[in-house]
Amino acid sequence: MAEPVQVGDITCVLDARAQLGECPVWSVDEQALYWVDILAPALHRLDPATGATRTWSMPSRIGSFGLRETGGAVVALVDGFHLLDLDTGALTFVAGPERVPGTRFNDGKVSPEGRFFAGTMDEEQLSRPIAALYRLDPDHTLHRMLDGLIVSNGLAWTADGATMFHSDSKGPVVWVHDYDPVHGTVTHRRVLARPTDEQGRPDGAAADMDGFYWSAGISAGVLNRWAPDGRLDRSIPLPCSNPTAPCFGGPDLRTIFVTSLRHGMAPDVLAAKPLSGGIFAVRVDVPGVPIARYRG
């Protein structure tokens, strides 16, 4: 097993060489990191303490997933939502919207009370507002929550569960919404930030216990921390060209794990950032909000 690589204050915990690494999820119970490669479709598991890995291959592109309270995972594949048995690898289809041509599922996350949210994206042109955000309830009913998106991304919730963050990578814009955990509804959408390409267009994200929003700045090779008032609090350069998503993990939830990609990178960019496609670890001073498990 390859040893972690230290680059300044950043550790590459896994030189995964992922085509499109995404959706890192920390399992507190297992002290393990799960993540997906969308284009080489699979769900992966990493034990950072030992370096041991495990892989579950998927039959189509996997945009995102959530761990389940009863074991296994819920995964967003091209045709919709499936339950995955981690012991056998068996998939069971539960629900899916009518597919819009040229779209696929993208970022997703379990809400604090146990619903699974996942959005779609315009995969062909990256410019058409034909994507949407969906909510899968524990009873497997599917609800269309938001329309008019180009690339749905950046889901995260504050520690009290009252605020939901969400972004459109091609807006580019980060929104906050009031969130009702009883009914799973989102209201009162307002703009938190409009990151520039130079700051880093918003990709996947996570929230910390102080209500700050950590966003992978995919166009700038950075990890950004946005304050609740929309101010860019800090920007951390990463040893990869295109970071895709962060999540908090480790025993104290003060390690941010960040996935990245290497698909479509020019040879000179890849030569300059050879660890692109890896998973990185950044130590921070404020712990993160743990990701809940799907109750369905």
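What follows draws every value from the coordinates through simple rules; no lab data is involved. Note that the coordinates shown come from a computational prediction; the quantities given were computed from them, not determined experimentally. For neighbour counting, all protein chains shown are included, and Cβ atoms are generated from backbone atoms with ideal geometry for every residue, glycine included.
Could you give the length gained by full extension between Q6 and T70, i.e. 0.36 nm per residue of separation minus their alpha carbon distance, to one decimal place? It would help to have the intermediate numbers written out before the result.
Values: separation 64, 0.36 × 64 = 23.04 nm, distance 3.66 nm.
Using 0.36 nm per residue and subtracting the Cα-Cα distance, I get 19.4 nm.
Assuming 0.36 nm per residue, please report the length gained on full extension of the stretch V191 to A52 beyond their Cα-Cα distance. Each step should come with its number before you reach the end.
Working: separation 139, 0.36 × 139 = 50.04 nm, distance 4.08 nm.
Full extension from V191 to A52 adds 46.0 nm.
How big is the gap, in Å, between the Cα center of region 168-209 and the Cα center of region 227-296?
17
Mind pulling up the Rg/Rh value for region 147-215? Radius of gyration and Kirkwood radius, both on Cα.
Working: Rg = 11.7 Å, Rh = 12.1 Å.
Rg/Rh: 0.96.
Give or take rounding to whole Å, what are the principal axis extents of the alpha carbon atoms in the chain, in descending order?
Reported extents, whole Å, longest axis first: 46, 45, 38.
Want the number for S60 to E198: 0.36 nm per residue separation, take away the alpha-carbon distance, what's left? Can you show the working numbers first?
Numbers: separation 138, 0.36 × 138 = 49.68 nm, distance 3.29 nm.
Roughly 46.4 nm would be gained on extension.
So for the pair L126, H183, with labels modelled 7 Å out along Cα→Cβ, what separation do we get in nm?
Each label point is offset 7 Å from its Cα along the Cβ direction, giving 3.8 nm.
Through the Karplus equation 6.51 cos²θ - 1.76 cosθ + 1.60, θ set to phi - 60°, convert the phi angles of region 143-160 into ³J(HN,Hα) values in whole Hz; use x for Gly and Pro.
Result, rounded to whole Hz: 10, 8, 9, 9, 10, x, 9, 9, 9, 5, 7, x, 5, 6, 10, 6, 4, 7.
Taking a ≥ b ≥ c as the square roots of the Cα gyration tensor eigenvalues, with a/c under 1.5 meaning rounded and otherwise prolate when a/b beats b/c, else oblate, which class fits region 114-195?
Values: a/c = 2.38, a/b = 1.29, b/c = 1.85.
Verdict is oblate for region 114-195.
Could you order the peptides 122-128, 190-196, 38-44 from most to least packed, using the average number of other C-beta atoms within 10 Å per residue? Show your work: numbers first, answer last.
Values: 122-128: 13.7, 190-196: 16.3, 38-44: 19.4.
Final packing ranking: 38-44, 190-196, 122-128.
State the Cα centre-to-centre distance between region 11-35 and region 128-156 in whole Å.
24
Where the Cα atoms of region 204-296 are projected onto their three principal axes, how long is each span, largest first, in whole Å?
40, 35, 24
What is region 102-174's relative contact order, in percent, from Cα pairs under 8 angstrom and six or more apart in sequence? Intermediate results must be reported in sequence, preceding the final value.
Details: 173 pairs, mean separation 18.9, N = 73.
Reported relative contact order: 26 percent.
How large is ³J(HN,Hα) for each residue in region 243-248, as worked out from phi by the Karplus curve 6.51 cos²θ - 1.76 cosθ + 1.60 (θ = phi - 60°), to whole Hz, x for Gly and Pro?
Per-residue couplings from phi come out as x, 10, 6, x, 8, 8 Hz.
What is the packing order of peptides 172-183, 270-281, taking the mean over residues of other C-beta atoms within 10 Å and listing the highest first? Can you show the working numbers first?
Working: 172-183: 17.1, 270-281: 20.2.
The packing order, highest mean first, is 270-281, 172-183.
Do you know the relative contact order of the chain, to the nearest whole percent, from alpha carbon pairs under 8 angstrom that are 6+ apart?
Details: 884 pairs, mean separation 53.4, N = 296.
Worked out over the chain, it gives 18 percent.
Please give the direction-averaged projected area of the C-alpha convex hull for region 227-275, in square nanometres with one decimal. Don't skip to the answer; put the middle values down first.
Working: hull surface 18.9 nm².
That works out to 4.7 nm², a quarter of the Cα hull's surface.
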